[in-house]
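The values are calculated or read from the model by the stated rules, or taken from the named source; none is laboratory data. These numbers were taken from a predicted model, which means no experiment stands behind them. Note that each Cβ is placed from the backbone with ideal geometry, even for glycine, and that neighbours are counted across all protein chains shown. Please note that ligands, DNA and RNA were not included when accessible areas were found on the heavy atoms of the full protein model with its side chains. Shrake-Rupley method; radii C 1.70, N 1.55, O 1.52, S 1.80 Å.
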Amino acid sequence: MNNFISFMPIALNEARKAACRGEVPVGAVIELNGKIISSAGNNTRKLNDPTAHAEILAIREACSILGVERLINANLYVTLEPCPMCAAAISNARIANLYYGASDSKSGGVGQGPCIFNHPQSHHKPEVYDGISETECKKLLLDFFKEKRD
């Protein structure tokens, strides 16, 4: 990863905006050739849509903007390990590289749990890079849930 430029700060900003809306603070960014195509934060509550995860929203928007059904050569940055639903969407979208921050022992679908990309029915496996801005991503989530409990 020579000359690696992380777009995680933008994903973190989307996660913070989601937290301000009362959503679980997860943010995602789709980047292609050094250009941000789309970004989103979780929006399940506002949209009354259990599929409105940051990754799904960013993928939908990027496909719409580019006028394609697959995001070949695109990179996805997300603050939390994608759940199985989002991992399947990432595979179906043919995202080239997935960069995520915090691991998700409860609902993750990439590095633990069902490990969607390793499943025989997964048609595409992106390169996966975990732990990107992990401390900041994890702190945002922990602080959000601590405040909810207090």
Next item on the list: State all residues of region 57-84 that are closer than 18 Å to G113 by Cβ and crowded, with 24+ Cβ neighbours inside 10 Å; if no residue qualifies, say none.
Entry: V78, T79, L80, E81, P82
Next item on the list: Those residues that are of a type outside the set (S, T, N, Q) and farther than 16 Å from A89 by Cβ, I need them from region 110-132; list them, please.
Entry: G111, P120, E127, Y129, D130, G131, I132
Note to self: Step by step: first the residues of region 137-150, then only those that are under 15 Å from E81 (Cβ atoms) and in contact (Cβ under 8 Å) with a residue 40 or more places away in the chain, then the one that is least open to solvent (accessible area, probe 1.4 Å). Which residue is that?
What the structure shows: C137
Item checked: Residues of region 113-130 satisfying the condition of being of a type outside the set (A, V, I, L, M, F, W, C) and either open to solvent by 70 Å² or more (accessible area, probe 1.4 Å) or out of contact with any Ser or Thr (no Cβ under 8 Å at 6 or more places or on another chain) (or both) -> P114, N118, H119, P120, Q121, H123, K125, E127, Y129, D130
Next item on the list: Among the residues of region 1-51, write down those that are without any contact (Cβ under 8 Å) to a residue 24 or more places away in the chain, open to solvent by 80 Å² or more (accessible area, probe 1.4 Å) and either of a type in the set (S, T, Y) or in a loop (DSSP other than H, G, I, E, B) (or both).
Entry: N2, N3, N48, P50
Note to self: Residue pairs, Cβ under 7 Å, 6 or more apart or interchain, first in region 67-89 and farther than 25 Å from E136 by Cβ, second assigned to a strand (DSSP E or B) and open to solvent by less than 20 Å² (accessible area, probe 1.4 Å). List them.
What the structure shows: L71/I30; L71/I95
